[in-house]
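Q: Have a look at this one before I ask anything.
The values are calculated or read from the model by the stated rules, or taken from the named source; none is laboratory data. If you're wondering where the values come from, they're calculated on a predicted model, not measured in any experiment. Backbone-built Cβ (ideal geometry, glycine too); neighbour counts: all protein chains shown. Just so you know, the surface numbers come from the protein's heavy atoms only, side chains and all, with ligands and any DNA or RNA stripped out. Shrake-Rupley method; radii C 1.70, N 1.55, O 1.52, S 1.80 Å.
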Amino acid sequence: LLIGDSLSSDCWGWGQGLPRYFKENVTFVNYAMAGVSTKVFLQSAEKENMLLIKPDYVLIQYAWIDASANEDRFTTLEEFGDNLRTIVDMVRGFGGVPILVTKHAALTWDANGELIPSDGDRNPITREIADELDAPLIDLYQSSTDLLTELGESGSEFMRFTFFPDDVVHLSPTGAVYVARLVASDFPGNLSLYVTGLSDPLPEPE
């Protein structure tokens, strides 16, 4: 199961690219949705469904909406950390493995064509909670930073979701495949046994 905000959703995020990297014996459900913060998730039907499904592994990617100006979705840094702790404990409570994932790097570049840092103030908390609770961490921010730096500004333009003008955080379907491969490449422990296709050619940029 994948829970998170729009950055990992099926609509505009890397979640849409993840199924291609799972073997056929895996059932994958994506509950990541636009507009959902940790606060919203903990009050949602999706949380209740997760408790009913009891998935073996839960990928947890939040940060973007938690920093929203919308007070119904916003969390303070302390609340964000506490909510991650609650979700990790909840997953462990039904015997699942929680895997924390940092939000990926934004496609923002300076006048010299250098990638502008976009780690934000919640990715560090995600890393801290993973360390504190001894939970697996996929540092997607770091791996996506490396990928974008390698591709460069013009070479990574195909990854951008272009429906909204000036959108620098959401992904095209092809971009989602590239970022999802970063996630699957860092799957921890036994989950890596269910991965396939990492060495397959990536789709050509559109």
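Q: In the chain, what percentage of the DSSP-assigned beta bridges are antiparallel, given to the nearest 5?
A: 25
Q: Now a separate question. Dividing the alpha-carbon radius of gyration of the chain by 2.2 N^0.38 Å (N being the number of residues), what value is obtained?
A: Its radius of gyration relative to the 2.2 N^0.38 Å reference: 0.97.
Q: Under 20 Å from the 7 Å Cα→Cβ point of residue 69, by amide nitrogen: which residues of segment 105-144?
A: 120-122
Q: Please identify, among 37, 172, 118, the residue showing maximal mean-square fluctuation in a Gaussian network model of the chain using a 10 angstrom Cα cutoff.
A: Of the options given, 118 has the highest mean-square fluctuation.
Q: Can you put 109, 64 in order of accessible area, largest first, using a 1.4 Å probe?
A: Ranked from most to least accessible, the order is 64, 109.
Q: Kindly report the accessible area of the chain per residue (heavy atoms of protein chains, probe 1.4 Å, no ligands, DNA or RNA), in Å².
A: 48
Q: Okay, next question. Normalised by the number of residues in segment 60-143, what is the relative contact order in percent for Cα pairs under 8 Å and 6+ residues apart?
A: 34
Q: Leaving out same-chain residues fewer than 8 places away, which lysines sit with a Cα under 23 Å from that of residue 23?
A: 54
Q: I need the calculated FRET efficiency for the pair residue 56 and residue 76, taking r as the beta carbon distance and R₀ as 35 Å, to the nearest 0.05.
A: 0.65
Q: With r as the distance between the Cβ atoms of residue 146 and residue 109 and R0 = 22 Å, compute the FRET efficiency 1/(1 + (r/R0)^6) and round to 0.05.
A: 0.90
Q: Per-residue accessible area for residue 46 at 1.4 Å probe radius, Å² rounded to 10?
A: That residue has around 40 Å² of solvent-accessible surface.
Q: Oh, and also: Using only alpha carbon pairs under 8 Å that are at least six residues apart, calculate the relative contact order of segment 105-184 and give it in whole percent.
A: For segment 105-184, the relative contact order is 31 percent.
Q: Need one number: nm distance between label points at residue 134 and residue 195, each 7 Å from Cα along Cα→Cβ, rounded to one decimal.
A: That separation, rounded to one decimal, is 2.3 nm.
Q: Taking Cα pairs under 8 Å and at least six residues apart, what relative contact order does segment 1-154 come out at, in percent?
A: Worked out over segment 1-154, it gives 21 percent.
Q: Run down the aspartates and glutamates and flag those whose C-alpha is under 16 Å from the C-alpha of residue 103, throwing out any fewer than 8 positions away in its chain.
A: Once the sequence-local aspartates and glutamates are set aside, what remains near residue 103 is 5, 10, 66, 119, 121, 128, 139, 146, 167, 186.
Q: A further question on this structure: Please compute the net charge surrounding residue 182, taking Lys and Arg as +1 and Asp and Glu as -1 over other residues with Cβ under 11 Å from its Cβ.
A: In short, -2.
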